[in-house]
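Shown next, in structure tokens, is the structure this report addresses.
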Amino acid sequence: MSESSRTHKDKAPKILNFGVYICSTSRYKLIEQGEKAVSDVGGNTLVDLLTKALQNVLFKKIIADDKSMISKAVKESLKMPDLDVVIFSGGTGITPTDVTIEAVSPFFEKTLPGFGEFFRRISFERVGSAAVLSRAIAGVAKGKALFCIPGSPDAVHVGVEMLILPESPHIVKHARE
């Protein structure tokens, strides 16, 4: 990295406020049915990674992989003044019920195609050609960074550790200029 790039990144905020949505219809239904202990390995991994990186997690909510519910979550998030980054985990596959991408992407003011490209490249090194099934995306809206990643623990590690944590401060800085 050049010195000017390093200086530029150094001006970005170091600690951000994150919101996490787990898009899982099966988990959401269990919660609606009154289950107290719903297993969420990917979501717990996501929050743990952010917390260990000394970032603030303002909330983690499990919602259904439902276009209207996800759209409502995006709208609410964009109105939260203290929120910097929103991660939607799950619902990014190719089945007819995977609608996270379709619900979130219309809100992007700018798309960050490199996020999905690098996510798939890193995934390819780990899982081979199955990486083509990933539709991970990112963009910015209303000064916030929005990320959509798969919900598996390995995908969460790739997305959060290798891409989201290193670049979110830089993305937020530019999104707010």
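The values are calculated or read from the model by the stated rules, or taken from the named source; none is laboratory data. Values in this document were obtained by computation on a predicted structure and should not be read as measured data. Here Cβ is always computed from backbone atoms with ideal geometry, including for glycine, and neighbour counts include all displayed protein chains.
Looking across segment 79-95, the residues that are surrounded by 14 or more Cβ atoms within 10 Å (Cβ to Cβ) and touching a strand residue (DSSP E or B) at 6+ places or on another chain (Cβ under 6 Å) come down to LEU83, ASP84, VAL85, VAL86, ILE87, PHE88, SER89, GLY90, GLY91, THR92.
Which of the residues spanning segment 123-154 are more than 11 Å from the chain's Cα centre (by Cα) and surrounded by 21 or more Cβ atoms within 10 Å (Cβ to Cβ)?
Hits for segment 123-154 are SER123, SER134, LYS144.
Residue by residue through segment 11-48, note down the ones that are in a helix (DSSP H, G or I), surrounded by fewer than 19 Cβ atoms within 10 Å (Cβ to Cβ) and within 18 Å of the chain's Cα centre (by Cα).
Across segment 11-48, the qualifying residues are THR25, VAL41, ASN44, ASP48.
In this entry, ASP98 is excluded by the filter for residues that are touching a Phe, Trp or Tyr at 6+ places or on another chain (Cβ under 9 Å), surrounded by 14 or more Cβ atoms within 10 Å (Cβ to Cβ) and closer than 19 Å to ALA138 by Cβ. The set of residues in segment 56-78 being of a type in the set (Ser, Thr, Tyr) and within 15 Å of the chain's Cα centre (by Cα) consists of SER71, SER77.
You will find that of ALA138, ALA130, the residue that is small (Gly, Ala, Ser), within 17 Å of GLY93 (Cα to Cα) and at pLDDT 95 or above is ALA138 and no other.
Residues of segment 1-20 that are modelled with pLDDT under 65 and among the aliphatic types (A, V, I, L, M): MET1 alone. Residues that are more than 19 Å from VAL104 (Cβ to Cβ), acidic (Asp, Glu) and in contact (Cβ under 8 Å) with a residue 40 or more places away in the chain within segment 38-79 are absent altogether.
Considering the conditions (1) more than 23 Å from LYS14 (Cβ to Cβ); (2) under 14 Å from the mean Cα position of the chain (by Cα); (3) surrounded by fewer than 18 Cβ atoms within 10 Å (Cβ to Cβ), MET162 is excluded by exactly one of them, (1).
Here are THR95, THR100, THR111: which of them is of a type in the set (S, T, N, Q), without any contact (Cβ under 8 Å) to a residue 12 or more places away in the chain and under 21 Å from LYS67 (Cβ atoms)? Please lay out each step first, then the result.
Values: THR100 fails: without any contact (Cβ under 8 Å) to a residue 12 or more places away in the chain; THR111 fails: without any contact (Cβ under 8 Å) to a residue 12 or more places away in the chain.
Answer to the check: THR95.
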